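Chemist: Take a look at this one; I'll ask things after.
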Amino acid sequence: MSDFTRPTIMLKDSFDRTIDYLRVSLTDRCNLRCRYCMPEEGVEKFQHQDILSFEEINRVIKITRELGISKFRFTGGEPFLRKGALEFFEELTIRDIYITSNLAIEGLDVERINQLKLGGLNVSCDSLEPARYHRITRWGDLNVFIKNIKRVKIDNLKINVVVIKDFNEDEIVDFIRFGVAHRATIRFIEKMDFTPDDMEFSSLQVIKQRLIDDQIIGPESYRIHNSVSEYHPLIGEQGSVGFITPITNSFCAGCNKIRLKANGELKLCLFGKDSYNLRDILRTEPDDDRVKSWLTEIIRYKPAEPIIKKADETMAEIGG
Ligand code: SAM
Ligand code: SF4
């Protein structure tokens, strides 16, 4: 198959959902310790020998593309912390790759990232006030994020903001203005429970209604493909604001994604307890067709929705 040919096969789960989106975690390591994502001491690191090599990841991309996966997002942990990540992205032959990053690495080669043929870059920032940013990330410096984002020149830039009760609810409009100024789409996210923390989620339904009442966004909404985000247009400005509401409005019915952890375990549901060991299959099975059969079989175990929306692992391990 040539690099840009769309596959005709479709990967279907047992609820007839088409699975066409794979999130690949490049590493479980991170330079920050966001309170809702990782405990301060970090998490037990994956064994070095269990981390998929770039060659193995490339094989997974080839195989899953042939099974109908058309969107790949690289995440972590912090993907740009992995040695060789930039070279890996530069050498990828698939088009329109997507990356999620905290953009909080001092000295990050943003100009090189700008040269990648990215379909989109999502970056994360939960406060525009330096003390708050430091508090939520434990180790982060807002100046580093700001310095980096000012250098980004990528059309599809989104800023993920996890909204937390009594923490950053008063920064909603500031974020929207920041997004307009930096030609980025702001996406507000409801906090999920991944690691014990003292932070309470804030309902985005309430925040959204307030923005509609204040005529900052229009009441009409839309989704792009199977995006988890519901978008509302900005009034009087170009662009839109996204709302990701895993707690108050489940989007499981349209779920089209699976996740590959950095150690090669496949997660079919963000909150699911089970992981499926693709690493061992890759390392013992040289025949791609057999790996495809295994994947096609495993996909059938994707649950309709999680029993509870609470995970045993951190988002950084799963690959957010
Ligand atoms: N380190 C990168 C970053 O922060 O963008 C990529 C990995 S991070 C796990 C991906 C996204 O997951 C971030 O936007 C982060 O805010 C989000 N996230 C992590 N833990 C979360 C939680 N408990 N609830 C909601 N979103 C969460
Ligand atoms: Fe690191 Fe991203 Fe998790 Fe923050 S949200 S600790 S930046 S992986």
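Chemist: Is it the case that some residue within the range 62-81 is within 16 Å of ligand 2 (Cβ to nearest atom), within 30 Å of Asp126 (Cβ to Cβ) and of a type in the set (A, V, I, L, M)? Explain how you work it out, then say what you get.
Modeler: Step one: filter the range 62-81 for residues within 16 Å of ligand 2 (Cβ to nearest atom), giving 73-81.
The next check asks that each one be within 30 Å of Asp126 (Cβ to Cβ); those that pass are 73-81.
Now narrow it down to the ones that are of a type in the set (A, V, I, L, M): 81.
Yes, the range 62-81 has at least one match.
Chemist: Here's a follow-up. Run down Val162, Val173 and say which single residue is open to solvent by 10 Å² or more (accessible area, probe 1.4 Å) and within 14 Å of ligand 2 (Cβ to nearest atom).
Modeler: Result: Val162 is the single residue among Val162, Val173 that is open to solvent by 10 Å² or more (accessible area, probe 1.4 Å) and within 14 Å of ligand 2 (Cβ to nearest atom).
Chemist: Something else: Residue by residue through the range 70-98, note down the ones that are surrounded by 13 or more Cβ atoms within 10 Å (Cβ to Cβ), over 18 Å from Cys37 (Cα atoms) and β-branched (Val, Ile, Thr).
Modeler: Ile94, Ile97 - these are the residues of the range 70-98 that are surrounded by 13 or more Cβ atoms within 10 Å (Cβ to Cβ), over 18 Å from Cys37 (Cα atoms) and β-branched (Val, Ile, Thr).
Chemist: Please work out which residue is most open to solvent (accessible area, probe 1.4 Å), limiting yourself to the range 42-56 and to residues that are part of a helix (DSSP H, G or I) and more than 14 Å from Pro286 (Cα to Cα).
Modeler: Among residues in the range 42-56 that are part of a helix (DSSP H, G or I) and more than 14 Å from Pro286 (Cα to Cα), the one most open to solvent (accessible area, probe 1.4 Å) is His48.
The values are calculated or read from the model by the stated rules, or taken from the named source; none is laboratory data. Small disclaimer: the values here were computed from a predicted structure and weren't measured. Neighbour counts run over all protein chains shown; Cβ positions are idealised from the backbone, glycine included. Surface accessibility is based on the protein's heavy atoms, side chains included, excluding ligands, DNA and RNA. Shrake-Rupley method; radii C 1.70, N 1.55, O 1.52, S 1.80 Å.
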